[in-house]
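Visitor: Quick one: the structure is below, and I'll ask about it shortly.
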Amino acid sequence: MENMEKGPKISVVGNASFEKKEQAKKEAEQAFFDHFESLPLRAREQLAKFEYPKSEKELALIDFANQETNKLMREAGVETYNISAENYHIIPPELYKEIIGSGNHSAGAFFVKQGVVFNAEEYRDNLAHFGSVAFHETLHLKGYYSIEVEEKNEKVEKTSYREGMTVGSSQRHDHYGGQHRHFVGLHEAIVSAQEKIFLSKLFETPEMKEEKEWMMSDEAKKFKKELAKKKNISEDEIIYVNKKCEGGWFFSYLPQRQTLDYVCGEIQKEFPNQYQSADDVSKEFLKSHFTGHLLPIARLVEKTFGEGSFRLLGNMTDKDESGILHFESLKKARARQVKNKAK
């Protein structure tokens, strides 16, 4: 059993006093240990009124997501902890849209409040999709987290600075119109790549017995093949197909994952004595997600793809077109680096 008294190690940066930083840290920790009470009053009222109660199977899959993410944390050499099921909220689509806004995402993790919200329209009565995305969002929340706390004219401003691999701009840059977030695409690639590995384990759980039997049926296999051909993707990009054979659910961030796979493969070729496989390299990226240490992977990328390539990788967003563009740009950078070394 993991110790439920443990939580995320939250770092604090900025020019605020030690006392203000400690206060901000305690408030962030409260969001983990007393999540519901840390929410604004209106949010608590809305959840109390509209949130769906989680089924026994959903609770079991949340627990399984905690178990599997903790295994990854142990492999990376970082301290593990569980996120309470109370921090996961399944809510009606109208409330979800109010909280999240418009967009294609149907679930989201909130570092500031250490919570996860699911659009019930997408996840109720769909255990495969729920379990897969519960792992995805749990892995997000267990990433490195830091807060920037600044004091200006006796006013204290607190913002997220680091979330896993994602690096936000400082408050000073935000005030001068320089707001940005780096490594968003790489961050999503790392998390969704692990989600894809997790799926086969998910289907082995007792809660997924019925869903596994369906997916192993000839009817489901046939439709899965047809759907993959229609979408021009490989079959292993499909999480689940519905029993009416009318649609399916897919892993996200394919172009970003393809870029990450390429980067890891080329790094392994550059350092064959250090890494036996591309998977060994990918573990370095996952470790950085947990520890927040970017320098080790920055060195690997720069030595493999050339000066400025890590910044290039950091500019990749979570949009499909950005993943495709940066894949091609990194391929060109690698070709230049190989050519220069051959001179």
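Every read-out reported here was derived from the displayed coordinates using simple, explicitly stated rules and does not represent laboratory data. Quantities reported herein were computed from a predicted structural model and do not represent experimental measurements. FYI the Cβ positions are ideal-geometry reconstructions off the backbone, even for glycines, and counts take in every protein chain you see.
Visitor: Hey, got the dipole for the stretch 57-127? About the Cα centre, +1 on K and R Cβ, -1 on D and E Cβ, debye to the nearest 20?
Guide: Working: 6 positive and 11 negative charges, 28 e Å.
Value, rounded to 20: 140 debye.
Visitor: Moving on to the next point. Given R₀ = 41 Å, FRET efficiency for Q258-E94 by Cβ-Cβ distance, to 0.05? Please list the in-between numbers first.
Guide: Values: r = 35 Å, r/R0 = 0.86.
That gives a FRET efficiency of 0.70.
Visitor: Right, something else. What percentages make up the Cα-Cα pair-distance distribution of the stretch 37-159 when the bins are 10 Å wide from 0?
Guide: Computed distribution, short to long bins: 12, 40, 32, 13, 3, 0.
Visitor: For a quick check: with amide H placed at 1.01 Å from N, whose amide H comes under 5 Å from G115's, ignoring anything fewer than 5 positions away on the same chain?
Guide: Amide H to amide H, under 5 Å and 5 or more residues apart or across chains, G115 pairs with F110.
Visitor: Would you work out the charge dipole size for the chain about its Cα centre, treating the Cβ of every Lys and Arg as +1 and the Cβ of every Asp and Glu as -1, and quote it to the nearest 20 debye? Intermediate values should be presented prior to the final figure.
Guide: On the way: 51 positive and 56 negative charges, 298 e Å.
I would put it at about 1440 debye.
Visitor: Starting from the Cα of A76, step 7 Å along the direction of its Cβ; do the same at Q276; then give the gap between the two resulting points in nm.
Guide: A separation of 2.3 nm, rounded to one decimal place.
Visitor: Can you run phi through the Karplus equation (6.51, -1.76, 1.60; θ = phi - 60°) for the stretch 250-255 and list ³J(HN,Hα) in whole Hz, with x for Gly and Pro?
Guide: Those phi angles translate into 10, 5, 8, 6, 4, x Hz.
Visitor: Taking every Cα atom in the stretch 254-342, find the radius of gyration and the maximum pairwise distance Dmax, and write them in Å.
Guide: 12.3, 36
Visitor: Which one of Q171, Q276, Q194 has the biggest mean-square fluctuation once the chain is modelled by GNM with Cα springs under 10 Å?
Guide: Q276
Visitor: Given only helices, namely DSSP H runs of n ≥ 4 each adding -39500 (n - 2.57), what is the per-residue ellipticity at 222 nm of the chain, to the nearest 500 deg cm²/dmol? Intermediate results must be reported in sequence, preceding the final value.
Guide: On the way: 16 runs with 194 residues, N = 343.
Calculated mean residue ellipticity at 222 nm is -17500 deg cm²/dmol.
Visitor: Can you give the Rg to Rh ratio of the stretch 1-95, both from alpha-carbon atoms, with Rh computed by the Kirkwood formula? Let's see the in-between values first.
Guide: Numbers: Rg = 16.0 Å, Rh = 15.6 Å.
Radius of gyration over Kirkwood radius for the stretch 1-95 works out to 1.03.
Visitor: Still on this structure: Where in the stretch 181-234 are there GluC sites (Glu not before Pro) that are in a DSSP coil and have at most 11 other Cβ atoms within 10 angstrom of their Cβ?
Guide: Details: sites: E188, E195, E204, E207, E210, E211, E213, E219, E226; in loops: E204.
Here the sparse-neighbourhood loop sites are E204.
Visitor: Calculate, axis by axis, the spread of Cα positions in the stretch 147-272 along the three principal axes, and write the results as whole Å, longest axis first.
Guide: For the stretch 147-272, the Cα extents along the three principal axes come out at 67, 40, 29 Å.
Visitor: Moving on to the next point. Write down the Å³ per residue value for the convex hull defined by the alpha carbon atoms of the chain.
Guide: Working: hull volume 56.9 nm³, N = 343.
Once divided by residue count, the hull of the chain is 166 Å³.
Visitor: Ordered by residue, what ³J(HN,Hα) values in Hz, to whole numbers, does the stretch 307-324 give under the Karplus form 6.51 cos²θ - 1.76 cosθ + 1.60, where θ = phi - 60° and Gly and Pro are x?
Guide: 4, x, 6, 5, 5, 4, 4, x, 7, 5, 8, 8, 8, 4, 5, 5, x, 5
Visitor: Could you give each residue of the stretch 224-238 its phi-based ³J(HN,Hα) in whole Hz, using Karplus coefficients 6.51, -1.76, 1.60 with θ = phi - 60°, and x for Gly or Pro?
Guide: So the Karplus estimates, Gly and Pro as x, are 4, 5, 5, 5, 5, 5, 5, 8, 6, 10, 6, 4, 6, 8, 9 Hz.
Visitor: Mind listing the long-range amide H neighbours of N315? Cut-off is under 5 Å, sequence gap 5 or more, other chains count too, H placed in the peptide plane at 1.01 Å from N.
Guide: Those qualifying (amide H under 5 Å, at least 5 residues apart or on another chain) are F183.
Visitor: Could you put V149, V156 in order, starting from the residue whose Cβ has the fewest other Cβ atoms within 10 Å? List each step's numbers first, then the result.
Guide: Details: V149 22, V156 15.
Fewest-to-most Cβ neighbours within 10 Å comes out as V156, V149.
Visitor: Near the amide H of Y161, under 5 Å away, which other amide H atoms are found, from residues 5 or more places off or on another chain, if H is placed in the peptide plane?
Guide: S146, I147, E148
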